[in-house]
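Notes for the one structure printed next.
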Amino acid sequence: MVISSHIFMSTLHHLILIFFISLLGTSSYLQLIKPISCTKGPTFKCSEVERAALLSFKYNLTDPSGRLSSWVGEDCCNWLGVGCNNNTGNVVKLDLRNPSYFDDFDQYNKSRLRGKISSSLLDLKHLSYFDLSLNNFNGTNIPKFLGSLENLRYLNLSFSMFSGVIPPHLGNLSRLQHLDLNSNSDPALSQPESLEWLVGFPSLKYLGMDNVNLEKVPDWLHAINVLPSLRELHLAVCGLVSLPSSISSINFTLLSVLDLSSNDFSTSIPQWLSHLTNLRSLNLVGNNLIGKIPNSFANLCNLQALYLGWNNINGGITEFVDGLSQCSNSSSEDGNLPSMQEIDLSLNQLNGTIPESIGKLSMLVSLELSENSWEGVLTEAHFQNLTRLKSLSLYMESSANWKLVLNVKQDWVPPFKLIDLQLTYVRIGPTFPTWLTTQNELTSLSLENAGISDTIPHGLWKSCPNVTFWRLSSNKLRGQVPYFEFQPSAYYFDLSFNNLEGPLPLFHSNLRLIRLDNNMFSGPIPKNIGELLPKLQVLDLSSNSITDRIPHSFGMLKNLSFLILRNNSLSGKLPPLLWKDLQWLLILDLAENNISGNVPSSMQYLRSLEVLSLSQNHLDGEFPSFFRNYSNLQSLDLGRNKFFGKLPTWLGESLPHLLRLRLRSNFFQGDIPQQLCLLSHLQILDLAHNDFSGVIPQCLGSLRSNESEGYYGGYDYQMFLVSKGIEYGYGQTFVDLLYSIDLSSNNLSGEIPDNITCISELVFMNLSMNHLTGRIPNRIGNLQMLQSLDLSMNELYGPIPQSLSSLNFLSLLNLSFNNLSGKIPIGDQLQTLNDASIYEGNSLLCGLPLSTKCLEDETKPMVTPNGGNRVANENGSAGIKSFSFYISMIAGFIVGFWGVCGTLIIKTSWRQAYFRSFDNLKDKIVVFVMVKIVCLLRKESERK
C-alpha cells in the first residue's frame, strides 16, 4: 500500500512537470531545473589572450585604493569587475565604475583610477559592457580605438575627467544601446562641428552628453532626430543656443526622458515638444526661456516630472493645470503611466492666481512654485486630493507684500503628510498655524516672513520630531522660546528677526547652525556653551541685549566657522585662552559692544579668518603684528576704538586678498604706507578721523578690483560707512558693489594724486579736513560712478574743473572752505546741487548758486553823471569796504564760534555728544578755521 502510494505521487509529479513544460517550453524547463541540478556543468576559463590584455590594461593604470588587487591568478573571470560568458569564457563585461560616491569625497577621490587607457582592450573581441565612470583620467582624450570594439552595447565614460574632442569613430559601434559621455572636466569634452556620427546608432536607447561643449553644433536637433530607438537624452550644460521652434517630422517619438537644462536658448517653448507623448520627464531648467507655457503641454498625460524653473516664462498657469487635471482621471489599469508627480516652475515671471484645479493632481509628490508673482488666496480646495504630496515650496519675492495668502480653517487637517514645507512671504498669520502639528513627517520647515505675530506653541517641537531644518525668521514671534531637545540629526535653527525675549535658548543639542539675531534676548551667554553645542559651526546672536563676558568655553567649539556677536552689551576683555583651537573660524564679528583691553596674541592662530570686525568697542594698543598671519583676510574693521601707533608696511604684502580696510576714528599716526597700494583688490579704504600725516600715496589709483571675491557661506556682513555726511550701516549686498575712499579729518598735506581719478568704480570719496593743496584733478570727471565728493576744509586753489559737471550720479558735493577761484561750472547734475553752502569759504568763486556774479557775466560799466567810470569811483572805497568786510567776518566768526563752543563748554552733555561724533578734532577745527581767516587776509593783502 505504501509502494502504490509512492508510485502514485511520483506519477503525479511527472504529470505536473509535463504540464509546465507544455506551458514554458523546453528552454524554460531547462532553466527551471538548472538551480536544482546535482551535476555541475562544464566551466570555461578566460583565454590567455584576454587575460594578457587585461593585465596590460591594469599596468597602465594608477590604482590608489587597490581596487584591482584581485587581478592575479589564471582565471580572469574571477577578477573584480570582470564578467565572462558562462558558456564560452569570453570576457563580455568590464565594470570599473568607482564604487564610492560624492557623499564620502575622501574615499571617492582615493578610489578613482588614473592613468592611460591601453589599446590592449582591442583583444577583448566579445566585450559588450564597458564602464569607466567616476574615475580620473584628467588630461586624457577618449581613445579612438574604442570605436573598434564592435560588440559594445553599453559604454559609460561619465564623470571621469576625459577632455578633448569626442572621436567620431564611436559612430562605428552600430550595436550600441547606451552611451554616457557626461563630462565634468575643464576644459570639457567638445564636439566642434557636428553630431553626424550619431547616425551609426540605430539601436541607441540612452545618450548622455551633459557638460559636453556643443556651442558650434547648431544642428544638434537634426542629428538627434535620426535616433528612432532613443528613450533618454541628456544634453544639460552644453552651451546650446538653438532650440528650433518647429521640426518637420519627429523620429524619436519613443523618448521618455529629455534633459536640456542649463543651456541658453532664450526662445519660447516649442510646440513640437507636446508631440512627444511618451515623455515622462522634461527638464528645461535655466534656459532663459520666454513666453508662456504651451497649453498643448496639457496633452502630455504620461508626463510625471516637469522642470521649467530658472527661466523667464510669464503668464498664468490656469489652462495648463486644468488640462493636466483631466489627465489625472486615467489610471494604470488603462495602460497609462501615473500622471504628474513633480512640478518645478520656480524663478520665473509667472503671475495671476494658483488655480484650485491643482488640487486634482492626485499623484503630485513635489510642487515647487517659488519666486514668481502669484497673488490671491489659497484655501483647502487647492490641496483637497493631494494625499501624496511630500514637498511644497512657495518662496515669494520680498517685494510681494503678502499678495499670496494661505487662508484655511483653524481646525483644518491637511490630506497630506509633508516632508519639506517652505512658505516664505506667504501670509499665514497672525496666529501660529495649528495644522502644522499634524505634519509629524516633516524634516524641513521654513515659515519665513509669514506674518505670524504669536507665541511659539509649547508642543511644536514634539509634534514635529523629525525636523532637521527650522526657519521661523522675520515674523513677529513674541514671548520666550519653549524648552526644546532636538533630534540628533537636527542641524539648522533660525529664529532671527522676531520679538522673542528672555534668556538665550541655547539648550543641549547637536545643532550646527543657530541664528537668534535681531531679537530681544537678554542675559549672558551660557558659560558652558562649548559643552551644550559640541557640533556648532555657525552662531549669530547679533543685535540683542546680551550682557557679561565672552565665555571661555567657546574654545571647545573646534568646528566653529562663524561667530557673530555684534551689537550687544558684552564687556570685559577678549579671553586670552579662547582662540587657539578655533582654527576653522572664518567670520569673527564682535563689533558694537563694550569690549576693552588689547587684542590677545592667542588670536594669531585664527589663520583661516576672512572677516574680522572689532569696531566700536574700547580696544587699544598698536596695530597687532600677528595680523600678518591672516593671509585669507578679506575684510578688516577696527574702526572707533583706541588703537594707536603707525600702520605696518607689511599690510600690503601679507594680506593680498583684502577687500575692505576700515580703521576710522582711532589714534593712528604717521604716513600712509606706500605698500598699501599692493592691495590690488581693495574696494573700501577708510582711514578717517586719525592723525595720519604726509602725502596721499600717488599709487592709490592702482586700487582697482576686477571682481569681488565675496564672502564664504553667504554671511550678510555689515560695515559702517559715511555716505553724504551721515554714517550708515550697510549690508553685504551693497558693500560688495561699493568702492569708497575716506581719508578725512587727518593731517595729510600735498596734492590730490591725479591717479586717484583712475578708480572708475569709485562711489564715495572724502578727503575733507586735511591740509591738501594744489588743484582739483582735471580728470575728476572720469569718476563716472561718483555719488559723494567732499574736499572741504583744505587749501585747494584754482578753478573747479569743468569735467565735474559730467558726473551724472553726483548727489553730494562739498568744496567749501578752500581757496578755489573762478566760475562755478554749469552742468545738468550740478544744477540740482544749488545749495550755496557747498561753495562757502571760497571768496574768489563766482556764479550760481552764489550771489557773486562773474566779471564776464556783468553788463558794460555804467557812466556816472560826472563822466567818470563807476567801477573806477568804487575803487577808491575798495580798501575801506574790504577792511569793513573782514572786520565783520571776524566779528561774525567770534560771535558764531563762542555761541556754539561756549555752549559746549557750559553744557557737559552737549560737549560729550559733540566730541563723540567728531572724536579728537576739536583743537584741529579751531586752529583750521583761524588759519583760514589769516590766509584770506594775507591773500587779500597780496592782491592789493
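So, in the range 470-490, of the ones that are surrounded by fewer than 18 Cβ atoms within 10 Å (Cβ to Cβ) and modelled with pLDDT of 90 or more, which residue ends up farthest from residue 533 (Cα to Cα)? In this case the residue turns out to be 476. What residue, among those in the range 553-609 that are in a loop (DSSP other than H, G, I, E, B) and among the basic types (Lys, Arg), is modelled with the highest pLDDT? The selected residue is 566. If you go through the range 699-737 and keep only what is modelled with pLDDT of 75 or more and either touching a helix residue (DSSP H, G or I) at 6+ places or on another chain (Cβ under 6 Å) or on the phi > 0 side of the Ramachandran plot (or both), you end up with 699, 700, 719. Residue check: residue 325 meets all listed conditions (1) outside any loop (DSSP other than H, G, I, E, B); (2) modelled with pLDDT of 95 or more but one, namely (2). Within the range 154-181, if we keep just the residues that are among the polar types (S, T, N, Q) and at pLDDT 90 or above, the residue that is surrounded by the most Cβ atoms within 10 Å (Cβ to Cβ) turns out to be 160.
Screening residue 171 on (1) within 30 Å of residue 85 (Cβ to Cβ); (2) within 42 Å of the chain's Cα centre (by Cα); (3) part of a loop (DSSP other than H, G, I, E, B); (4) among the small types (Gly, Ala, Ser) shows it passes everything except condition (3). With respect to the stated conditions, residue 598 is exposed (fewer than 15 other Cβ atoms within 10 Å of the Cβ), in contact with a Leu (Cβ under 8 Å, 6 or more places away or on another chain) and either closer than 16 Å to residue 571 by Cα or hydrophobic (A, V, I, L, M, F, W, C) (or both). A search for C-beta distances below 9 Å between a residue of the range 841-853 that is farther than 15 Å from residue 799 by Cβ and in a loop (DSSP other than H, G, I, E, B) and any residue that is of a type in the set (Asp, Glu) and modelled with pLDDT under 90, counting only pairs 6+ apart in sequence or on different chains, returns 849/835.
Here residue 570 meets each of (1) buried (at least 17 other Cβ atoms within 10 Å of the Cβ); (2) farther than 23 Å from residue 522 by Cβ; (3) out of contact with any helix residue (DSSP H, G or I) (no Cβ under 9 Å at 6 or more places or on another chain) with one exception, condition (2).
Of everything listed in (1) closer than 30 Å to residue 109 by Cβ; (2) surrounded by 19 or more Cβ atoms within 10 Å (Cβ to Cβ); (3) in contact with a helix residue (DSSP H, G or I) (Cβ under 6 Å, 6 or more places away or on another chain), the single unmet condition for residue 198 is (1). Note on the range 101-152: residues that are at positive phi and in contact with a strand residue (DSSP E or B) (Cβ under 9 Å, 6 or more places away or on another chain) total 2.
The residues of the range 802-827 that are of a type in the set (S, T, N, Q) and either outside any strand (DSSP E or B) or out of contact with any strand residue (DSSP E or B) (no Cβ under 7 Å at 6 or more places or on another chain) (or both), listed by number, are 802, 803, 805, 806, 808, 811, 816, 818. For the condition among the basic types (Lys, Arg) and crowded, with 19+ Cβ neighbours inside 10 Å, residue 427 qualifies. The single condition among (1) within 22 Å of residue 210 (Cα to Cα); (2) in a loop (DSSP other than H, G, I, E, B); (3) of a type outside the set (A, V, I, L, M) that residue 222 does not meet is (2). Checking each residue in the range 69-97 for being under 26 Å from residue 138 (Cβ atoms) and either free of Cβ contacts under 8 Å to residues at least 24 places away in the same chain or buried (at least 19 other Cβ atoms within 10 Å of the Cβ) (or both) picks out 69, 70, 71, 79, 80, 81, 82, 94, 96.
Restricting 242, 261, 246 to those that are at pLDDT 95 or above and not in a strand (DSSP E or B) reduces the list to 261. Every test in (1) of a type in the set (Ser, Thr, Tyr); (2) in contact with a helix residue (DSSP H, G or I) (Cβ under 6 Å, 6 or more places away or on another chain); (3) modelled with pLDDT under 50 is passed by residue 909 save one, and that test is (2).
Residue by residue, here is whether (1) part of a loop (DSSP other than H, G, I, E, B); (2) within 23 Å of the chain's Cα centre (by Cα) holds:
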site: 612; (1), (2): no, yes
site: 615; (1), (2): yes, no
site: 645; (1), (2): no, no
site: 653; (1), (2): no, no
site: 670; (1), (2): no, no
site: 676; (1), (2): no, no
site: 685; (1), (2): no, no
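Quickly run through the range 430-450 and pick out the residues that are within 10 Å of residue 475 (Cα to Cα) and either among the aliphatic types (A, V, I, L, M) or surrounded by fewer than 18 Cβ atoms within 10 Å (Cβ to Cβ) (or both). Answer for the range 430-450, where residues must be within 10 Å of residue 475 (Cα to Cα) and either among the aliphatic types (A, V, I, L, M) or surrounded by fewer than 18 Cβ atoms within 10 Å (Cβ to Cβ) (or both): 430, 447, 450.
Select from the range 750-801 the residues that are touching a residue at least 40 places away in the same chain (Cβ under 8 Å) and in a helix (DSSP H, G or I) and list them in ascending order. Correct list: 754, 755, 756, 757, 758. Among the residues in the range 83-92, are any of a type in the set (Gly, Ala, Ser) and under 41 Å from the mean Cα position of the chain (by Cα)? No, the range 83-92 contains no residue that is of a type in the set (Gly, Ala, Ser) and under 41 Å from the mean Cα position of the chain (by Cα). Across the range 642-652, not a single residue is classified as of a type outside the set (A, V, I, L, M, F, W, C) and buried (at least 23 other Cβ atoms within 10 Å of the Cβ).
Quick check: anything in the range 813-830 of a type in the set (Asp, Glu) and more than 28 Å from residue 761 (Cβ to Cβ)? Among the residues of the range 813-830, not one is of a type in the set (Asp, Glu) and more than 28 Å from residue 761 (Cβ to Cβ), which makes the answer no.
Please count how many residues of the range 336-353 are touching a residue at least 40 places away in the same chain (Cβ under 8 Å), more than 17 Å from residue 287 (Cα to Cα) and either part of a strand (DSSP E or B) or touching a Gly at 6+ places or on another chain (Cβ under 8 Å) (or both). So the count comes out to 0. Remark: pairs (first residue in the range 98-115, closer than 17 Å to residue 131 by Cβ; second residue acidic (Asp, Glu) and modelled with pLDDT of 90 or more; Cβ separation under 8 Å; 6+ apart in sequence or on different chains) = 113/63. Reported count of residues in the range 376-418, each being of a type in the set (Phe, Trp, Tyr), crowded, with 19+ Cβ neighbours inside 10 Å and in a loop (DSSP other than H, G, I, E, B), is 1. Count, please, the residues in the range 379-404 that happen to be farther than 21 Å from residue 307 by Cα, among the hydrophobic types (A, V, I, L, M, F, W, C) and in contact with an Asp or Glu (Cβ under 9 Å, 6 or more places away or on another chain). Residues meeting the conditions: 3.
The values are calculated or read from the model by the stated rules, or taken from the named source; none is laboratory data. This one's a predicted model, so the numbers in the text were calculated from it and none came from an experiment. With ideal geometry, Cβ positions are generated from the backbone for all residues, glycine too; neighbour counts draw on all protein chains shown.
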